[in-house]
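For reference, the structure discussed in these notes is given below.
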Ligand code: C2E
Ligand code: MG
Ligand code: MG
């Protein structure tokens, strides 16, 4: 401010001095006055010079201040800016630009660097273009070479004339377009994708034959897409709800009503949920097709009604496939009734419903007795016919809410709703048995077929239906096809069997582990007290030394195939041991083994015996086979046949436990036995009970008359031995003579016996 004021004073002084000098000359003022005046003139001249210099400085300062102002503005704007003069002698850049391209302002004030940054044509902007205020878009090159897309607007911000030269100062404001360019590229790509996906969508709609069904908001009519029009054979794009409803299958009209109803009740509806339904509708070919409708409901707001819209797909072929698969998976081929899979499925559903609703069902399992014989004697075709008829009978026997299926070869099952009558299952089974008998006449050429059944109540135990069915099947397995042909599930029996199964597994392991061994009990000739033979009796000796008697495991072995293996072991071991003793020079005696009904009827016993004899080298007359009376009488014809075959080998046959069954001696005489073994129950009371004595002596007498020798078992006292000897009994066995003992002990017994005779 002070500088400006001083300038003006000097300028004024210069003017006054000049004016005074002119006045002095004009008025011819004296010399001293002239000196004064010259002084004034000099002052005026100096002032004028100062004034001129000041004016020049003033102009420069103006230019300086102007630039200062422009520079301040430049640095404060958020865009890139370059202040430059036409010949690039002057260049100033702002911070925004240096930030964007990585050069410092000093770098850019050097024209060489600037030329690297700006494109070549940026150096020749025509003034006209600048005046026209045109936007220039070009890439600037950042430090490191990256190209930054920019747009520039240049305007003349200052015009100065100095030394007769007019200078223009231009300000270029630039915007970094990188982000915009990226967005633009994204937009292009996106719109390309969009158009591609739109065309893909249209194509997939056409290929997959998806139709669109939309309810017009606020209207009662439906919009039908072109594809759906083709599917339904409709040529208008809008149809009323009534017309659409009429196209629905009568059984599925309620689905349409439910859809319409859904739009009336949309208060809590969430318009993001995709709903799904299936129904039948009249198609273009005028038949009902299955359609799948995936839709969304737009809840109605304020006075705007809700609307519905979604995609419709023809799923008729899938449905056909499903029903074929369902048929293949759930329908039995022969009987055309449901199979086990379906029975399990329905059974489980029923089981769950029963638990909730407090209802109950009966589960009945049926088995056609000896169906394999039907197949063998009447052929498979007739066997299948019988199954088919039985399937029909099962179906007809169902009460309301019941379900029937073929659950295995000749096994059928029924689910019967409990009506409180405990006799209901038995009554149904009896009726089925009668009907089966009736159809047999036609199919099996008057041969008859019967069926057995097991049944249980759903509530009789089990956590699921599989367990319940298990129970019914277990009961069926307990039936014997004769007197006990209908058996209700009893959990106590089941538990016992299960324990038996565990024992069976243990026994099987014992067999492999060589835990089974033979004990030998002497058989004595009562007439002279000599050893006439020994009975091989099996023992299970557990690793801890516990000895399990045969009564505890033979019945379990008998109910499984294990008995065959056990009998084979006994047969071989007894023959082998007897042969060893004979080879050692002991007086030869017979070894007796015990066989069960399973061995006798279900295996080729003759072959097994022959093999054992051959393999061990024992002569057949030293082997005796003990059979029980009940075994022999079970199927007497077969028994005789088998026994004859064994006898032909030269092996002896004994009738064990005689007197415990229902047999009479008249039966016995038809059996090819050589020895009759009186059961211990007769011997026990021999000394005190006269009737026992009379029975025993009568049996011995009759046997003798039939040329059958007798032996008494269970002799514990000398008195018993005496009575038997007097009654004419040939041989004796019992603790009195010797308990069953292991082979080494028995050998000692034999050695001792060789020199000792019994005193009777
Ligand atoms: P079993 O064939 O009648 O055998 C006679 C049973 O009476 C033997 O019982 C024997 O130890 C017992 N005993 C012999 N003398 C007396 C006596 O004076 N007093 C008493 N209280 N008992 C006597 P064990 O060895 O327990 O055999 C029982 C049954 O097990 C046998 O009756 C037989 O039916 C069966 N058994 C034994 N070993 C075998 C075998 O290897 N195979 C088969 N299938 N069954 C066998
Ligand atoms: Mg015996
Ligand atoms: Mg016996």
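The values are calculated or read from the model by the stated rules, or taken from the named source; none is laboratory data. Values in this document were obtained by computation on a predicted structure and should not be read as measured data. Because the Cβ atoms are built from the backbone with ideal geometry, glycine has one as well, and the counts that use them run over all protein chains shown.
Of (1) surrounded by fewer than 20 Cβ atoms within 10 Å (Cβ to Cβ); (2) closer than 30 Å to residue 721 by Cβ; (3) within 13 Å of ligand 1 (Cβ to nearest atom), residue 523 satisfies all except one. Which? Only one criterion in (1) surrounded by fewer than 20 Cβ atoms within 10 Å (Cβ to Cβ); (2) closer than 30 Å to residue 721 by Cβ; (3) within 13 Å of ligand 1 (Cβ to nearest atom) is unmet by residue 523, namely (1).
Condition check: more than 17 Å from residue 595 (Cβ to Cβ) and away from ligand 3 (no atom under 16 Å from the Cβ). Does residue 635 satisfy that? Judged against the criteria, residue 635 is not a match. A residue that is within 16 Å of ligand 1 (Cβ to nearest atom), assigned by TED's automatic domain parsing to the domain that holds residue 575 and within 21 Å of residue 604 (Cβ to Cβ) cannot be found anywhere in segment 688-706.
Exactly one residue out of 617, 659 is touching a residue at least 24 places away in the same chain (Cβ under 8 Å), surrounded by fewer than 20 Cβ atoms within 10 Å (Cβ to Cβ) and away from ligand 1 (no atom under 16 Å from the Cβ), and it is 617. Residue 604 passes every criterion in (1) buried (at least 21 other Cβ atoms within 10 Å of the Cβ); (2) under 25 Å from residue 638 (Cβ atoms); (3) more than 13 Å from ligand 1 (Cβ to nearest atom) apart from (1). Take residue 724 and tell me if it is outside any helix (DSSP H, G or I), within 16 Å of ligand 1 (Cβ to nearest atom) and touching a helix residue (DSSP H, G or I) at 6+ places or on another chain (Cβ under 8 Å). Spelling it out, it is not the case that residue 724 is outside any helix (DSSP H, G or I), within 16 Å of ligand 1 (Cβ to nearest atom) and touching a helix residue (DSSP H, G or I) at 6+ places or on another chain (Cβ under 8 Å). Looking only at segment 679-707, count how many residues are in contact with a strand residue (DSSP E or B) (Cβ under 7 Å, 6 or more places away or on another chain), outside any helix (DSSP H, G or I) and more than 16 Å from ligand 3 (Cβ to nearest atom). Total meeting the criteria: 0. Of all residues assigned to segment 411-419, none qualifies as being surrounded by 17 or more Cβ atoms within 10 Å (Cβ to Cβ), out of contact with any strand residue (DSSP E or B) (no Cβ under 8 Å at 6 or more places or on another chain), in contact (Cβ under 8 Å) with a residue 12 or more places away in the chain and over 23 Å from residue 339 (Cα atoms).
Applying a threshold of 7 Å to beta carbon distances and a minimum spacing of six or more residues, or different chains, the list of pairs starting in segment 329-340 at a residue that is modelled with pLDDT of 90 or more and ending at one that is part of a loop (DSSP other than H, G, I, E, B) reads 338/332; 339/332. When segment 564-577 is filtered for residues that are more than 50 Å from the chain's Cα centre (by Cα) and surrounded by fewer than 22 Cβ atoms within 10 Å (Cβ to Cβ), the ones remaining, listed by number, are 572, 573, 576, 577. Among the residues of segment 704-727, not a single one is modelled with pLDDT of 95 or more, closer than 22 Å to residue 586 by Cβ and under 60 Å from the mean Cα position of the chain (by Cα). The condition (being within 14 Å of ligand 2 (Cβ to nearest atom), outside any helix (DSSP H, G or I) and under 60 Å from the mean Cα position of the chain (by Cα)) is satisfied by just one residue among 676, 627, 631: 627. Only one entry in 683, 593, 673 is surrounded by 19 or more Cβ atoms within 10 Å (Cβ to Cβ) and at pLDDT 95 or above, namely 593.
This table checks each residue for (1) assigned by TED's automatic domain parsing to the domain that holds residue 727; (2) surrounded by 15 or more Cβ atoms within 10 Å (Cβ to Cβ); (3) on the phi < 0 side of the Ramachandran plot; (4) within 16 Å of ligand 3 (Cβ to nearest atom).
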site	(1), (2), (3), (4)
463	no, no, yes, no
471	no, yes, yes, no
540	yes, yes, yes, no
550	yes, yes, yes, yes
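Does residue 738 count as within 13 Å of ligand 1 (Cβ to nearest atom) and surrounded by 13 or more Cβ atoms within 10 Å (Cβ to Cβ)? For residue 738, the condition - within 13 Å of ligand 1 (Cβ to nearest atom) and surrounded by 13 or more Cβ atoms within 10 Å (Cβ to Cβ) - is met. One residue is enough: does segment 571-591 have a residue meeting the conditions assigned to a strand (DSSP E or B) and within 16 Å of ligand 2 (Cβ to nearest atom)? Taking every residue of segment 571-591 in turn, at least one turns out to be assigned to a strand (DSSP E or B) and within 16 Å of ligand 2 (Cβ to nearest atom). Remark: residue 561 falls outside the filter, which requires a residue to be under 54 Å from the mean Cα position of the chain (by Cα) and within 16 Å of ligand 2 (Cβ to nearest atom). Residues that are at pLDDT 85 or above, away from ligand 2 (no atom under 16 Å from the Cβ) and not in a loop (DSSP other than H, G, I, E, B) within segment 647-665 comprise 647, 648, listed in sequence order.
Which of the residues spanning segment 578-594 are within 13 Å of ligand 1 (Cβ to nearest atom) and either over 54 Å from the mean Cα position of the chain (by Cα) or under 23 Å from residue 506 (Cβ atoms) (or both)? 591, 592, 594, listed by residue number.
Filter segment 708-736 for residues that are under 15 Å from residue 652 (Cβ atoms) and away from ligand 3 (no atom under 15 Å from the Cβ) and give the result. If the condition is that a residue be under 15 Å from residue 652 (Cβ atoms) and away from ligand 3 (no atom under 15 Å from the Cβ), then 708, 709, 730 are the ones that fit. Which of the residues belonging to segment 242-265 are touching a helix residue (DSSP H, G or I) at 6+ places or on another chain (Cβ under 7 Å) and modelled with pLDDT under 90? Correct list: 253, 256, 260.
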